[in-house]
Structure formats: structure tokens, C-alpha cells
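J.: This structure is in C-alpha cells; I'll ask about it shortly.
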Amino acid sequence: DGGITQSPKYLFRKEGQNVTLSCEQNLNHDAMYWYRQDPGQGLRLIYYSQIVNDFQKGDIAEGYSVSREKKESFPLTVTSAQKNPTAFYLCASSIDAGGANTEAFFGQGTRLTVV
Amino acid sequence: GQNIDQPTEMTATEGAIVQINCTYQTSGFNGLFWYQQHAGEAPTFLSYNVLDGLEEKGRFSSFLSRSKGYSYLLLKELQMKDSASYLCAVRDRGDYKLSFGAGTTVTVRA
């Protein structure tokens, strides 16, 4: 089945450790996005990528890093510089960055807890 | 960048109609999306508007006025399962950045 997969679903880390969240899609989508969601809040954009080997900072990029070496993969690293990393992280992809009616499809999310 | 505003909460009765408004400001508009999100789950796509007017999909309709920077999502014949958060999202023309509003929590009462 085609889709977008995030793993793991739940992740626990100790404070001060870097952690990488996986996002893979087999939909042949060009654009990919990472969002953070805190309890009772909306989605805030961390990073996004229109094409392979290119990405842009979103509204809250500090303390995060990404790579886009392959079209189907867009991993997010939460570094120790991120002051409040505990949150629900959502990855999304869309068909192409500028086409018509290109809604974003979401993965099931990773709930990160830093203790 | 974008500035997207929508009400925080709305409550309505089963079988009624609710309208969720969304206003936005963007340097270059390339489409507006509505998503539904149940607690603890990923958002699911509801509707897309890029031209002015009304798009209807069953019980859900969405309207767009680009000149006013305004959209609404209309939910008709409300059911208990419609209790969820509804997210308005706007895409930039220039760099295809997709930004979301804070979401509107709709509670449907019996």
C-alpha cells in the first residue's frame, strides 16, 4: 500500500541526547514537511523540502535539523539544543510543490517524550 | 509568511450546522486547505480551495474569498463523530510553504 510512514510511534529519550525521527513515503511525492504539535495547539512548521537535496527552515527550526538525500525520506533530528522537545511530531508529503490540489498526506506521528 | 486566524472553540447540537471561519494574510497565495483532526491522531484532508467560491463535498462545504483573505468550513447535519479539531492551512505560492492555523475544536452535543 502507498503511504507515509513515521517511526517509531512512541519515543523516549534522556535530556541532552540527540534523537532522529524517521519519515518515509512511497507516494512519489516531491514536497515533504515536518510539524510539531503541543497539547491543545495547532501544527507549527519546523522544516520543509520541495525537492531532493534542498530544504527550508519553517517557523520553529531552532534546535532541529533535517536532510533530504532521497526523495522518499526526510528524517528529523531533535538536538540537545531544543529546549522543550517533548511533543507530537507529524510528517507530511504532497504530490509536487506547485501542482494543483496537492493536499498534504500525514503520517501517524511520533510522540517524543524527553525525561 | 502567513498569519492564519480561526476561533479556538465552537459548540453545536447534533443535527445542526456549524460554520468555522478562517482569515489569513500571505505574501503569495497558492491554495487553502481544511483538515480534520481527532485527538491523538494525524490530520485528515477535508477540502481544498484555490479559486473564489464554494466547494461542496457531502455534508462539508468550504468557501474562499481571496480578495478578503477569508475562508469558512461549513459542517451540516452534525454528528457526534464530527467532534474534532478543524485546521485551516494556507500554502505560499513562492516557496510552497504550508502553514496551519491553531485549529478550532468543535464539540457536538446530543
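The values are calculated or read from the model by the stated rules, or taken from the named source; none is laboratory data. Keep in mind that this is a model prediction, so the values were computed, not measured. Ideal geometry is used to build each Cβ from the backbone, glycine not excepted, and the neighbour counts take in all protein chains shown. Heavy atoms of the whole protein, side chains included, go into the accessibility calculation; ligands, DNA and RNA do not. Shrake-Rupley method; radii C 1.70, N 1.55, O 1.52, S 1.80 Å.
J.: For the stretch B:52-90, which positions are in a strand (DSSP E or B) and touching a Lys or Arg at 6+ places or on another chain (Cβ under 7 Å)? Break it down stepwise before answering.
T.: Step one: of the stretch B:52-90, the residues in a strand (DSSP E or B) are B:53-57, B:60-65, B:70-75, B:84-90.
Of everything in the stretch B:52-90, just one residue is in a strand (DSSP E or B) and touching a Lys or Arg at 6+ places or on another chain (Cβ under 7 Å), namely B:Leu75.
Table: residues versus (1) in contact with an Asp or Glu (Cβ under 7 Å, 6 or more places away or on another chain); (2) within 21 Å of A:Tyr10 (Cα to Cα); (3) open to solvent by 10 Å² or more (accessible area, probe 1.4 Å).
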{"residue": "A:Gln56", "(1), (2), (3)": "yes, no, yes"}
{"residue": "A:Phe74", "(1), (2), (3)": "no, yes, no"}
{"residue": "A:Thr77", "(1), (2), (3)": "no, yes, yes"}
{"residue": "A:Gly107", "(1), (2), (3)": "no, yes, no"}
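J.: Same structure, new question: Tell me, please, whether a residue that is touching a residue at least 40 places away in the same chain (Cβ under 8 Å) and crowded, with 21+ Cβ neighbours inside 10 Å can be found in the stretch B:63-74.
T.: Yes; the residues of the stretch B:63-74 include at least one that is touching a residue at least 40 places away in the same chain (Cβ under 8 Å) and crowded, with 21+ Cβ neighbours inside 10 Å.
J.: When B:Tyr35 is evaluated against the numbered criteria (1) open to solvent by 20 Å² or more (accessible area, probe 1.4 Å); (2) among the hydroxyl-bearing types (Ser, Thr, Tyr); (3) closer than 30 Å to A:Ser7 by Cβ; (4) assigned to a strand (DSSP E or B), which criterion, by number, is the only one it fails?
T.: So the condition that B:Tyr35 fails would be (1).
J.: Now, a different point. Could you list, in sequence order, the residues of the stretch B:11-32 that are open to solvent by 40 Å² or more (accessible area, probe 1.4 Å) and in contact with a Ser or Thr (Cβ under 6 Å, 6 or more places away or on another chain)?
T.: Across the stretch B:11-32, the qualifying residue is only B:Thr11.
J.: Taking the stretch A:13-31 as the search range and keeping residues that are buried (at least 22 other Cβ atoms within 10 Å of the Cβ) and under 11 Å from A:Leu76 (Cα atoms), which one is farthest from the other protein chains (Cβ to nearest Cβ)? Working first, answer last.
T.: Filtering the stretch A:13-31 down to residues buried (at least 22 other Cβ atoms within 10 Å of the Cβ) leaves A:21, A:23, A:25, A:31.
Subset that is under 11 Å from A:Leu76 (Cα atoms): A:21, A:23.
Details: A:Leu21: 14, A:Cys23: 12 Å.
Looking at the filtered set, the residue picked out is A:Leu21.
J.: Right, another one. Across the stretch B:84-110, what is the number of residues that are in contact with a Ser or Thr (Cβ under 7 Å, 6 or more places away or on another chain), more than 14 Å from chain A (Cβ to nearest Cβ) and open to solvent by 40 Å² or more (accessible area, probe 1.4 Å)?
T.: Adding up the residues that qualify gives 1.
J.: Select from the stretch B:43-61 the residues that are under 25 Å from A:Gly109 (Cβ atoms) and within 10 Å of chain A (Cβ to nearest Cβ) and write down the one among them that is surrounded by the most Cβ atoms within 10 Å (Cβ to Cβ).
T.: Out of the qualifying residues, it is B:Pro43.
J.: Still on this structure, please answer the following. Just give me the residues in the stretch B:6-42 being charged (D, E, K, R) and either within 9 Å of another protein chain (Cβ to nearest Cβ) or closer than 19 Å to A:Ile46 by Cα (or both), in sequence order. Steps first, please.
T.: Keep residues of the stretch B:6-42 that are charged (D, E, K, R), which gives B:9, B:14, B:41.
Within the stretch B:6-42, B:Glu41 is the sole residue that qualifies.
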